[in-house]
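Participant: Here's a structure for you.
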Amino acid sequence: MNVKIAMSNVQIHETPLEEINFDSNTIVVTFDDNNEKRWKLTFSPYQAIKTTTKDCYPFSNLVIKDAIDEIGIYRSYLLEVTDSQWKKSLYDELKLNDSNATFLDKSNHYILPFQDIVLEIIAWDYHLEEV
């Protein structure tokens, strides 16, 4: 799994107090950054969402060089998987159901590694705003 930082301007706080809300079209995630500012990330449209407790997640897959600071401490950011097997499996299923559908071509696999959970989202895009 190849992972890169999708958004480096906001570092996720070690205790981010995340909130996740979603409906049929949009996922809204609010969290604190390392300066205790509150942020809202909106993903829309989305195709899939998955949460996994951190102790059940292969967290070593998310430890990338760009997320380790100068003293060797891992810092959390919004990440993007560039070769997503999850997206591929969704695409394969989509082709079985609708061979002409192309909307997953616009989608990306995003990961938010929070304190206790890892949130994964397949969506077209995201929008960030300070709360």
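The values are calculated or read from the model by the stated rules, or taken from the named source; none is laboratory data. The structure presented is a predicted model; accordingly, all values stated were derived computationally and were not measured. Note that we place each Cβ from the backbone using ideal geometry, even for glycine, and neighbour counts take in every protein chain shown. To get the accessible areas, we keep the full protein, side chains included, count just its heavy atoms, and leave off ligands, DNA and RNA. Shrake-Rupley method; radii C 1.70, N 1.55, O 1.52, S 1.80 Å.
Participant: Quick one: would you say A48 is more than 21 Å from V10 (Cα to Cα), open to solvent by less than 20 Å² (accessible area, probe 1.4 Å) and free of Cβ contacts under 8 Å to residues at least 12 places away in the same chain? Walk me through how you get there before you give the answer.
Facilitator: Working: more than 21 Å from V10 (Cα to Cα): yes; open to solvent by less than 20 Å² (accessible area, probe 1.4 Å): yes; free of Cβ contacts under 8 Å to residues at least 12 places away in the same chain: no.
The answer is no for A48.
Participant: Out of T15, T52, T30, I need the residue that is more than 14 Å from L128 (Cβ to Cβ) and assigned to a strand (DSSP E or B). Which one? Walk me through how you get there before you give the answer.
Facilitator: Values: T15 fails: assigned to a strand (DSSP E or B); T30 fails: more than 14 Å from L128 (Cβ to Cβ).
None of the other options fit; the residue is T52.
Participant: I've got another one for you. For residues that are touching a strand residue (DSSP E or B) at 6+ places or on another chain (Cβ under 7 Å), open to solvent by 30 Å² or more (accessible area, probe 1.4 Å) and in a loop (DSSP other than H, G, I, E, B), tally how many sit in the stretch 65-87.
Facilitator: Final tally of qualifying residues: 2.
Participant: A further question on this structure: Based on this model, can you work out whether Y46 counts as closer than 14 Å to H109 by Cβ and of a type outside the set (A, V, I, L, M, F, W, C)? Before the answer, list the steps.
Facilitator: Values: closer than 14 Å to H109 by Cβ: yes; of a type outside the set (A, V, I, L, M, F, W, C): yes.
So Y46 fits the description; yes.
Participant: Before we move on, is I122 under 19 Å from F22 (Cα atoms), open to solvent by less than 30 Å² (accessible area, probe 1.4 Å), in contact with a helix residue (DSSP H, G or I) (Cβ under 6 Å, 6 or more places away or on another chain) and not in a helix (DSSP H, G or I)? Even if it seems obvious, please write down each step before you answer.
Facilitator: Working: under 19 Å from F22 (Cα atoms): yes; open to solvent by less than 30 Å² (accessible area, probe 1.4 Å): yes; in contact with a helix residue (DSSP H, G or I) (Cβ under 6 Å, 6 or more places away or on another chain): yes; not in a helix (DSSP H, G or I): yes.
For I122, the condition - under 19 Å from F22 (Cα atoms), open to solvent by less than 30 Å² (accessible area, probe 1.4 Å), in contact with a helix residue (DSSP H, G or I) (Cβ under 6 Å, 6 or more places away or on another chain) and not in a helix (DSSP H, G or I) - is met.
Participant: Could you check how many residues of the stretch 94-115 are under 25 Å from V3 (Cβ atoms) and either open to solvent by less than 20 Å² (accessible area, probe 1.4 Å) or touching a residue at least 24 places away in the same chain (Cβ under 8 Å) (or both)?
Facilitator: Qualifying residue count, the stretch 94-115: 11.
Participant: Now, a different point. How many residues are at pLDDT 95 or above and among the basic types (K, R) when one looks only at the stretch 66-96?
Facilitator: Residues in the stretch 66-96 being at pLDDT 95 or above and among the basic types (K, R): 2 in total.
Participant: Might you let me know whether the stretch 91-104 holds any residue that is under 20 Å from N9 (Cβ atoms) and polar (S, T, N, Q)?
Facilitator: Among the residues of the stretch 91-104, not one is under 20 Å from N9 (Cβ atoms) and polar (S, T, N, Q), which makes the answer no.
Participant: On the given criteria, is N21 out of contact with any Gly (no Cβ under 9 Å at 6 or more places or on another chain) and part of a strand (DSSP E or B)? I'd like the intermediate steps shown before the answer.
Facilitator: Details: out of contact with any Gly (no Cβ under 9 Å at 6 or more places or on another chain): yes; part of a strand (DSSP E or B): yes.
Against the criterion (out of contact with any Gly (no Cβ under 9 Å at 6 or more places or on another chain) and part of a strand (DSSP E or B)), N21 qualifies.
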